[in-house]
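Structure first, then comments.
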Amino acid sequence: MIQLSRRSFLAAASVMALAAASPALAQTADLSKLNEPPANGEHPLGPEGAKVTIIEYASASCPHCAAFNNDVLPKLKTDYIDTGKVRFLLREFPHNDAALGGFMIARCAPPERYHAILDVLFKTQESWVPNPLEGLKAIALQAGFTEDSFNACLKNVDVAKGILAERDRASGFGVTGIPYIFINGVPFEGDRTYEAIKAQIDSLLAQG
């Protein structure tokens, strides 16, 4: 069982999980398996048959990822995801222990609460990231966790291993920074603004 302290929040979980899921950095990106879901499953938004699929690799404590979630994703959801034109997949790419802890809480919650918890994590980064153990506990309690179930989640090595294994898999797809976006299997090189992504989506939708 992993014992966590305020000073070493999730350090033990990271060490144990990384030992079991060693990095597999690729010399060149192989995107042939990009569309395969992570071994621990994923929570898509939008229909499976959508003409356009957006995959975003993000970290729960990354400010740029939060900006995309807070400013861009809601517009994409209204205009394209909810209308069945786009399928959106968020892939977990924690870049520090705080982000790993946030994703673990989302994973431990009932599946229907996954995106709601992520939304809270992104919208309240400035509140919980400076003191992630207490900050995540407050978010978890509001989401229906008890203190015992919160502590049990952060000690669940299998949950941590699943998240970190997907982060390691992403390195083979050429993911080197966050947020990193693929649109229909192609890395998106434009500005991560609604207007730029909208233009790419519209171009793909216009194709036969």
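The values are calculated or read from the model by the stated rules, or taken from the named source; none is laboratory data. All values reported here derive from a predicted model rather than from experimental measurement. We place every Cβ from the backbone using ideal geometry, glycine too, and count neighbours over all the protein chains shown.
Structure values in brief
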{"item": "The range 106-128 residues that are not charged (D, E, K, R), paired with ones that are not in a helix (DSSP H, G or I) (beta carbon under 6 Å, 6 or more apart)", "result": "ALA109/ALA143; TYR114/HIS43; ILE117/ALA109; ILE117/ALA143; LEU121/ALA60"}
{"item": "So ALA99, is it surrounded by 23 or more Cβ atoms within 10 Å (Cβ to Cβ), part of a helix (DSSP H, G or I) and touching a Leu at 6+ places or on another chain (Cβ under 9 Å)", "result": "yes"}
{"item": "Flag if PHE150 is of a type outside the set (A, V, I, L, M) and within 27 Å of ALA29 (Cβ to Cβ)", "result": "no"}
{"item": "Lone unmet requirement of (1) buried (at least 16 other Cβ atoms within 10 Å of the Cβ); (2) among the charged types (D, E, K, R); (3) part of a helix (DSSP H, G or I); (4) touching a Phe, Trp or Tyr at 6+ places or on another chain (Cβ under 7 Å) for ARG91", "result": "(3)"}
{"item": "Those residues of the range 35-58 which are surrounded by fewer than 13 Cβ atoms within 10 Å (Cβ to Cβ) and more than 18 Å from ILE81 (Cβ to Cβ), in sequence order", "result": "GLU36, ALA39, GLY41"}
{"item": "Test: residue in the range 59-79 that is surrounded by 13 or more Cβ atoms within 10 Å (Cβ to Cβ), touching a residue at least 24 places away in the same chain (Cβ under 8 Å) and in a strand (DSSP E or B)", "result": "no"}
{"item": "Tally, over the range 189-208, of residues that are free of Cβ contacts under 8 Å to residues at least 40 places away in the same chain, in a loop (DSSP other than H, G, I, E, B) and of a type outside the set (Gly, Ala, Ser)", "result": "3"}
{"item": "Residue among GLU112, GLU92 that is out of contact with any strand residue (DSSP E or B) (no Cβ under 6 Å at 6 or more places or on another chain) and under 21 Å from ARG167 (Cβ atoms)", "result": "GLU92"}
{"item": "Unmet criterion (only one of (1) of a type in the set (A, V, I, L, M, F, W, C); (2) touching a residue at least 60 places away in the same chain (Cβ under 8 Å); (3) out of contact with any Phe, Trp or Tyr (no Cβ under 8 Å at 6 or more places or on another chain)) for ILE178", "result": "(3)"}
{"item": "Filtered residues of the range 183-208 (kept if under 18 Å from the mean Cα position of the chain (by Cα) and under 14 Å from PHE68 (Cα atoms))", "result": "PHE188, ARG192"}
{"item": "GLY84 being at pLDDT 95 or above and in a loop (DSSP other than H, G, I, E, B)", "result": "yes"}
